[in-house]
Each structure stands twice: as structure tokens, then as C-alpha cells.
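Input: a single structure, listed below in C-alpha cells.
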Amino acid sequence: MPPTMNRILVTGASGQIGTELLKVLRHKHGGANVLATDIQPLANAEIRESGPFETLNVTQAARLDELIAKYRIDTVYHLAAILSASGEKNPQLAWDVNINGTYNVLEAARRLGLLRVYIPSSIAAFGPETPRDRTPQETVLRPKTMYGLTKVAGELLADYYVAHFGVDVRGSRFPGIISHETLPGGGTTDYAVAIFYEAVKNGRYTCFLGPDSCLPMMYMPDCLKSVLDLMEADFGRLKHHADFNLAAMSFTPAELAAEIRRHLPGFQIDYQPDFRQAIADSWPRSIDDSAARKEWGWTPDYDLAGMAKDMLAVLSARHAAGKLGI
Ligand code: VAH
């Protein structure tokens with residue numbers, strides 16, 4: 001039986017995935033056993049009051065070590081990162097946070113004997129030389145963004161810490177994640193979140209990607225399921241560590257707009273591609289996730305229709321209550 005994980009630290013807890021991962025981890029392990037950390041405070045009062053929070057800049061190794069000791073941490077979910085679009089605006093910051101932050105977490109795991117570490121990668125690890133349809137698990141990794149290259153480095157560093165130090169580290173290459181609790185910050189796939197808020201509030205959206213920009217996407221409940229399932233998997237069965245391809249759905253902005261119009265018939269979209277178009281054009285259109293399905297039983301629950309219906313139901317109700325908050 002794998003050792004139980006019950007003293008947890010989440011980095012990037014105020015972010016899009018961190019916020020919701022914190023909720024499920026606190027539900028599973030008890031609020032007091034899950035320490036939330038970030039450089040920004042938690043926005044949601046209910047989450048803020050459900051357990052401990054500490055300010056942490058993951059580039060500061062001594063502070064990370066101090067919190068691991070103070071809270072007797074045995075497991076780290078490392079979500080802190082500068083995403084693709086923000087990374088192109090400040091590549092030096094993206095390198096520092098994404099590389100040194102990941103190094104600090106893996107070093108803490110080695111030196112302090114942590115039980116397990118989760119470090120997500122991204123489809124941003126792929127580049128224009130990578131086959132773009134049903135992108136294989138093993139393939140060319142020559143990303144053209146700073147974010148993407150830091151994700152490739154993180155995958156390789158994780159493999160090194162598994163092979164040389166026996167650190168138990170796991171992670172998946174997330175596609176664009178769609179959710180309704182915390183707005184994402186600085187991503188290229190963020191249009192697929194903003195469009196829902198704008199559709200509910202204003203009935204229209206100006207998209208920063210062109211209509212035919214097909215990208216792999218995933219609804220947040222599936223993202224969270226993938227994290228919990230991979231962290232519970234038998235490490236001895238895993239041939240991969242922090243680089244599992246994951247897939248759930250792929251769609252274009254035009255296809256997403258058509259799905260929204262099934263619920264909001266008057267919804268209108270126009271397209272004004274910006275610098276993020278070149279990033280999206282360097283990423284896959286669809287992913288082969290057979291390794292994750294084989295090694296730890298991955299299967300998604302949400303497709304485009306199911307995700308859109310749920311997103312619009314939640315955001316429409318929030319808007320009707322005057323709490324859409326954008
Ligand atoms: C981004 N949402 O857009 C992130 C993600 C696959 C994209 O890594 O940068």
C-alpha cells in the first residue's frame with residue numbers, strides 16, 4: 001500500500017486550477033491538512049476560511065523549506081507558474097518562476113523526503129515541428145514559447161529526480177482548462193473561459209484567436225479528476241512521470257460559439273487575432289492520451305456539449321444573482 005498523503009502544500013493556490021484543486025483536496029483530506037500558498041491572497045472568502053494560507057514566492061527555496069517544516073508537509077501540488085501569453089511578455093520572470101520554482105520543489109522533495117509531488121506540464125511543451133493531430137506521447141518537443149520550454153525542462157527535471165533520487169513525482173500535459181470559479185491569467189486558451197462570461201453578460205465576445213484555431217481543451221472537473229487519479233495511481237505501474245498526454249475534447253472558437261448559440265441564440269462573436277494566435281498555431285489540434293489511459297485508467301467525463309451546458313447554467317445563475325463579478 002502506498003503511504004497515505006495527508007499533510008499537503010499547494011503552490012499557486014490562488015490560480016485557476018489551484019483554487020479548485022484546493023477545494024477538492026481540503027474536502028478529501030480536511031481543511032487543516034492542506035496549506036494554500038501563493039503570492040496573491042485567495043479571492044474566495046469561503047475557500048480562504050476553509051484552511052491555512054501562507055504567502056510563498058516559489059523562487060524562494062528557504063521560505064518553501066520553512067513552510068514544509070512548519071506544517072509538517074509530506075506532499076506538494078506545484079501549480080505556481082507564469083503561463084504562455086504572460087511568459088512572452090516577461091520571459092525572464094517566466095524562466096525564474098517556472099524553472100527555479102520547480103527546481104526548488106523537487107529539491108525540497110529530495111532533501112526533506114516528501115512522499116509525493118504533483119507538477120503539471122502542458123500541451124505548450126509541443127511546438128510547430130510536433131505532429132499536430134493525435135500528438136503522440138513520445139514526440140518532438142521544440143516549443144517556441146518560454147512557457148513551453150520551461151515545461152519541457154520541468155518534465156525532464158522530474159524524470160531526473162525520479163531516476164537519480166527516487167522522488168515520487170507525477171504530472172500531466174494539461175490542455176486548455178475551462179472553469180467558472182477563478183478567471184485564468186495570462187494563457188492563450190483563456191478565450192474559452194472569457195467567452196462564457198461575455199456571452200452571459202453582454203451576448204457578444206471579441207475573440208483574440210481566429211475562428212478556425214483548433215485547440216485541445218478540458219473542463220475543470222476532468223482536470224481535477226486527472227490530478228487525484230494520477231496521484232493515487234500505483235507508482236510502480238507508471239512508465240511516465242510528469243509528462244502524461246491528456247485529452248478530453250478539441251474545438252475551434254467558431255465551434256464553441258455555435259455550441260453557445262444553442263443555448264443563447266442571439267450570441268455574436270467577432271475575431272481580432274493578436275500575438276496569441278502565433279502561440280496557438282504552434283500547439284497541437286488533438287492529443288493521443290493512450291499512455292495515461294493504459295498506465296492509470298484516464299477517461300474524461302465532459303465533451304464540448306456537456307461542458308458548455310454546465311458553464312452556461314452556472315454563470316447564468318450567478319449573473320441573475322448579480323454576482324458574475326467581471
Ligand atoms: C496557457 N492555459 O494558455 C495555459 C495552458 C495549454 C495552455 O498551458 O498558457
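Just so you know, all these numbers are worked out from the coordinates, no wet-lab data involved. Bear in mind that the values here come from a model prediction, so they are computed numbers and not experimental data. Every residue, glycine as well, gets a Cβ built from its backbone with ideal geometry; the counts of neighbours run over all protein chains shown.
Descriptive notes on the structure:
- Annotation: the residues Trp283, Trp95, Trp298, sorted from fewest to most other C-beta atoms within 10 Å of their own C-beta, follow the order Trp95, Trp298, Trp283.
- The range 95-178 - percent relative contact order, Cα under 8 Å, separation 6 or more: 41
- Counting only DSSP H runs of at least 4 residues, each contributing -39500 (n - 2.57), and dividing by the residue count of the chain, the helix-based mean residue ellipticity at 222 nm comes to -12500 deg cm²/dmol.
- The local environment of Thr37, defined by Cβ-Cβ distances under 10 Å, has a net charge of -1 under the rule Lys, Arg +1 and Asp, Glu -1.
- Solution diffusion estimate, µm²/s, Stokes-Einstein, the chain, Kirkwood Rh from C-alpha pairs, 4 °C, viscosity 1.567 mPa s: 65
- Taking 0.36 nm per residue of sequence separation and removing the Cα-Cα distance, the Gln40/Val314 pair yields an extension gain of 96.1 nm.
- Projecting the Cα atoms of Leu79, Tyr118, Asn98 onto the charge dipole of the range 72-124, computed from C-beta unit charges around the Cα centre, puts Tyr118 farthest toward the positive end.
- 18 Å Cα-Cα threshold exceeded, pairs from Lys144/Lys225; Lys201/Lys323; Lys144/Lys239; Lys23/Lys70: Lys144/Lys225; Lys144/Lys239; Lys23/Lys70
- As an equivalent ellipsoid, the range 29-166 spans semi-axes of 28, 18, 14 angstrom, where each value is the square root of five times an eigenvalue of the C-alpha gyration tensor, largest first.
- Considering all different alpha carbon pairs of the range 1-95, the Kirkwood hydrodynamic radius works out to 13.8 Å.
- The chain: angle of helix 16-29 to the longest principal axis, Cα-based, in degrees nearest 10: 50
- Full-extension gain in nm, His27 to Ala61, via 0.36 nm per residue minus C-alpha separation: 9.4 nm
- Extending 7 Å from the Cα toward the beta-carbon at both Leu264 and Thr299 defines two label points whose distance is 3.3 nm.
- Exposure proxy ranking for Tyr205, Tyr77, based on other Cβ atoms within 10 angstrom of each Cβ and starting from the fewest, stands as Tyr205, Tyr77.
- Scanning residues 5 or more positions from Tyr271 or on other chains, those with amide H under 5 Å from its amide H are Cys207, with H placed 1.01 Å from N in the peptide plane.
- Loop-located trypsin sites (Lys or Arg not before Pro) in the range 1-80 (DSSP state other than H, G, I, E, B) with a sparse environment of at most 13 neighbouring Cβ atoms within 10 Å: Arg72.
- Bridge orientation summary for the chain: considering DSSP beta bridges with both residues in this region, about 10 percent are antiparallel.
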